[in-house]
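Quick notes on the structure that follows.
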Amino acid sequence: MWEGIALGLTRVLEFQNLLAIVLGTAAGVVVGALPGLTPTMGLALLLPLTFGMPPVPALLALSGMLAGGVYGGAISAILVRIPDPANVPTTLDGYAMTQRGQAAKALGIAAAASTVGGLASAFVLLFFTPPLAAMALRFGPPEIFALAVFGLGIVSSLAGRSVLKGLVVACLGLLVGTVGMDPVSAYTRFTFGFFELQAGFEFVPLLIGTFAVPEILRYAEEAVGPVKLPELVGRMLPTLAEWRRLAVTMIRSGVIGLIIGIAPAAGPVIASYISYDVEKRSSKTPERFGQGAPEGIAGPQTAINACVGGDLVLTFALGIPGSAGAALFIGALYLQGLQPGPLLFQRNADIVYTTFIGFFFVSLAILPLGLIASRLGAWLVLAPKAVLLPFIFAFAVIGSYAGGSSLFDVWVMLIAGLIAYVLQKFDFGPAAFVLALILGPLAEANWNRTMLMAHGDLAFFIQRPIAIVLIMLAALMLVAPALVDRFMRRRYAGYEGDA
Amino acid sequence: MARARADWAVALVMLAASAFLFQEALAMPDGPGTFPRAVALLMGVLSLGLLVRNVALEGGLRGIYWHSAGPGATATVLWVVGFTMVYVGSIGRVSYVLSTGLYFAVMMWLLGLRPRWLILLIAPSSVLLLWVVFVRMLNVSLS
C-alpha cells in the first residue's frame, strides 16, 4: 500500500492532474452554488468531457466536481437561503449570519469546515478501501453474486420514500441492463429491431438522462424570484482563535460524517442533521443555534464533506455504488475501460492511489477556490435561467452524442430523462434504476457461474457463509432506511430526506 | 395536472410493461431468457403489490400527487421538452451549429432574456464554446 501511496503522491503532482483538480473543483463550486443545480447533475454532464482524458485526470476532475459541488451548495444556502436538502441545517445559522452582515465570515467557516471534512474523507478513502478490496479479492462467483444482491439492497436507500417503488424501478433497471447481446450465448435480447441496441444501451446517455435531465426540467419549473445579494464585508477565513473554538466541532462532525458516509443506507442529509443536532446538544449555549452560531455551519459542513469519501469506499473496493454520485463514478470507471471493484487495486493500483491522494488535494483546493468563488462568484446565484437552461440542455445533448457519434444516443438520453422526470414526480427514485443497471449484469453473470459450480443446487450456498451473510444484509438493507427515515422525521422537524 | 391521482396509474403502467417484457422473455431460450423472465415476473408482482397497496389498503385511489412547482410550471416543462425534441430532430437535417444557435436564441427569448442584442451576443458565443470543447478539444465528429 505504501508504494502505491508514494506513487500516487508523485503522479498527482503532474501538471495535468493538478489542472484537473483545480478545474474540476472550480466547476463543482460553480455548479453547486447555482440555485437549483446539484453536483450530481454536474458529474453527469462532466462525464462526456472525460472521454478524451487519461483515467487519472478524468477521475480527479470528477472528484473535484463532487467535493466542490458539495461546498458550492453552502454558498446559495448561506447567501440567499436556497439550500439543497443536505444544506438545510447550514441555512439556519448561515443565513442568520448573513442577515447580521457576516456573510463573508459564514462562507469562510463553511469553506474551512468543508476542507477539514474533505481531508477526513480522503484519509478514510486511502486507508480503509485497500484492505476491504483485498478481502473482496478472495470472493468467488457465489460471493460476488451475493455482493451484487447486497448492492441491490441499497436500492431502498436510493428509493425515495417507498422501498416498494424503489424495487419496481430497480427491476426496470435490471431489465434495461439485459438489453443487447447475452455475453454467454450471444443471443440478442429486447432489441426490438434496433441495430443500435445490439451492444446494449450506451451508459453515458442513460446516466445523463437519468440524473441531469430531471434536474434541468425541475430547474425549468422553478420560479426563482429576484434575490438580493448581500455584500461580503470583512475577513472570510476564520481567525486562529476561531479555528481553535471550532476544532472540536469539526472533529466530532467529521467522525459522524465518515461513519454515515461508509454506511450504505445513509447519506449527507442524515449526516448534516445529526451533526447539527449533536453540536446543539453539546453546546453550553444552545440558544445561539439558529441565531448565527458558527458551530451550526461548521458542524454540518464538515459532516457533509466527510461523507463524500466514505461513500466512495464501497464504490472503489467492491464496485457497489451507495449513491447517485458514486454510480456516476462507476460510469466514469467503465468509460475509461476500468473494472470497478477489488481487481482495480490489482490491475490499476497507480490510478486508484493517485485518485485517492488527489482527494486530499481536492479538499485543500476547496479552501482557496471556495473563497474566490464566494467573493467573486457570489453573483453566480444571480445567473439568469434564460441563459443557463438552454446551455445545460444543449450540453447534455452533445454530451450524449459524443461517445458514439450517434443521434440515437441523444434520443435515448431524452426519453430516459423524461421517464426519470415523471417517475421522480411520483416519488420513484431514478438512482435505483442506475444502481440496478450497473449491478444487474454482474449479478446475472455470477449467478450463472454459481449455478454451474453448484450443478444447479441452491443448497450450495450453505457452504458459502460470506454469501449468506451478504444476502441477509441485503434483506436488512431493505428495511433499515425506512427505520432511519422514521427516526429522523420524528426527531427533526423539517427533515425531508434525500427523496 | 396539478393534483393528478397518478400513483396507481404508474403502478399500472409498470405492470403492463412487466407483462409485455415477460412475454418477450418467454420467447427467449433458457439461459439468456431465464434472468429477464425472473426479473419481469418480480417486477410484475411488485407493481401489483403497489397497485393493491394504493387502491385497496390506502382507501381508494389516493396516492402521491404530481408535485407541480406552481402555476404554469408544467406548461414550461412541456414546451422546453417539445422544443428540445424539435432541436434534436433538426440536428441531423440542418447543421449542428445552425440548429444549436437557433435553439439557444429561441429558448433565451422564450425564457425572457432581453434585450435582443444580448441574445445575439450570447447565443453564438455559447455555440462556439460547445464547438471548441467538443469538436476541437475532444475530437467529436459532428458531420
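Heavy-atom accessible area for residue B:131, with the other protein chains in place and a 1.4 Å probe, reaches approximately 90 Å². Solvent-accessible surface of region B:7-57, averaged per residue with a 1.4 angstrom probe and all protein chains in place: 48 square angstrom.
Which is the longest stretch in chain A that no exposed loop site breaks, taking sites as GluC sites (Glu not before Pro) with a DSSP loop state and at most 14 other Cβ atoms within 10 Å? Value returned for the longest uninterrupted segment is A:232-495. Residues of region B:116-143 whose accessible area (probe 1.4 Å, heavy atoms of protein chains only) drops by at least 40 Å² once all protein chains are present, relative to their chain alone: B:130, B:134, B:138, B:140.
Give me the summed buried accessible area for the B-A pair, 1.4 Å probe, to the nearest 100 Å².
Working: alone 10280 and 20800 Å², together 26020 Å².
Accessible area lost upon association: around 5100 Å².
Surface calculation, 1.4 Å probe, protein heavy atoms: residue A:194 sits at approximately 100 Å² accessible. If I compute solvent accessible area with a 1.4 Å probe over the protein chains, what percent of it on region A:2-491 is carbon and sulfur? Of the solvent-accessible surface of region A:2-491, carbon and sulfur hold 68 percent. Taking one quarter of the surface of the convex hull spanned by the alpha-carbon atoms of region A:5-114 gives a direction-averaged projected area of 7.3 nm². For chain B, just say rounded, prolate or oblate: build the C-alpha gyration tensor, square-root its eigenvalues into a ≥ b ≥ c, call rounded for a/c under 1.5, and beyond that prolate if a/b exceeds b/c, oblate if not. Oblate. In this structure the amide hydrogen of residue A:189, modeled in the peptide plane, comes within under 5 Å of the amide hydrogens of A:180, A:181, A:182, none closer than 5 places in sequence on its chain. Note on chain A: helix-only mean residue ellipticity at 222 nm, from DSSP H runs of 4+ residues weighted -39500 (n - 2.57) and normalised by residue number, equals -23500 deg cm²/dmol.
In region B:67-102, the residues that give up 50 Å² or more of accessible area when the other protein chains are added, compared with the chain on its own (1.4 Å probe), are B:67, B:77, B:81, B:85, B:88. Net charge in the neighbourhood of residue A:132 (other residues with Cβ under 14 Å of its Cβ; Lys, Arg +1, Asp, Glu -1) is -1. Restricting the chymotrypsin sites (Phe, Trp or Tyr not before Pro) of region A:1-85 to loop positions (DSSP other than H, G, I, E, B) with no more than 15 neighbouring Cβ atoms within 10 Å leaves nothing. For the residue pairs A:280/A:425; A:105/A:284; A:105/A:280, the C-alpha atoms sit more than 27 angstrom apart in A:280/A:425.
Remark: accessible surface ordering of A:284, A:385 (largest first) is A:284, A:385, probe radius 1.4 Å. For residue A:82, the residues 5 or more places off, or on other chains, whose built amide H falls under 5 Å of its own are A:77.
Calculated [222 nm] ellipticity per residue, helices only, for chain B: -21000 deg cm²/dmol; basis is -39500 (n - 2.57) per DSSP H run with n ≥ 4, divided by all residues, nearest 500. Between the helical axis of A:324-335 and the dominant principal axis of chain A, each derived from Cα atoms, what acute angle in degrees is found, rounded to the nearest 10? Taking the Cα atoms of chain A, the angle to A:324-335 is about 50 degrees. Which shape class, rounded, prolate or oblate, goes with region B:73-137 when its Cα gyration tensor gives a ≥ b ≥ c as root eigenvalues, a/c under 1.5 marks rounded, and past that a/b bigger than b/c marks prolate? Judged from the Cα gyration tensor, region B:73-137 comes out oblate (a/c at least 1.5, b/c at or above a/b). The share of accessible area on region B:7-57 that comes from carbon and sulfur is 78 percent, using a 1.4 angstrom probe.
Accessible surface comparison of A:285, A:191, probe 1.4 Å, protein chains only, largest first: the order is A:285, A:191. The overall shape of the protein assembly as shown, judged from the alpha-carbon gyration tensor, is rounded, with an a/c ratio under 1.5. In plain terms, chain B is cut at each of the trypsin sites (Lys or Arg not before Pro) found in a DSSP loop with at most 13 other Cβ atoms within 10 Å, and the longest leftover piece is B:4-61. For a straight C-alpha distance cut-off of 18 angstrom, the lysines reachable from residue A:385 (same-chain residues fewer than eight places away being disregarded) are A:228. Of the trypsin sites (Lys or Arg not before Pro) in region A:136-221, the ones in a loop by DSSP (not H, G, I, E or B) with at most 10 other beta carbons within 10 Å are A:138. Accessible surface computed residue by residue for region A:2-491, with neighbouring protein chains in place and a 1.4 Å probe, gives 36 Å² per residue. When the surface is traced with a 1.4 Å probe over the full set of protein chains, residue B:102 keeps roughly 100 Å² accessible. Each other residue within a Cβ distance under 15 Å of residue A:11 adds +1 if Lys or Arg and -1 if Asp or Glu, for a net charge of -3.
Per-residue Karplus couplings for region B:35-44, computed as 6.51 cos²θ - 1.76 cosθ + 1.60 with θ equal to phi - 60°, are listed in order as 5, x, 4, 4, 5, 4, 5, 4, 5, x Hz, Gly and Pro entered as x.
The values are calculated or read from the model by the stated rules, or taken from the named source; none is laboratory data. Model, not experiment: these values are computed from the prediction. Heads up, the Cβs are rebuilt from the backbone with ideal geometry, glycines too, and the neighbour counts pull from every protein chain shown. To get the accessible areas, we keep the full protein, side chains included, count just its heavy atoms, and leave off ligands, DNA and RNA. Shrake-Rupley method; radii C 1.70, N 1.55, O 1.52, S 1.80 Å.
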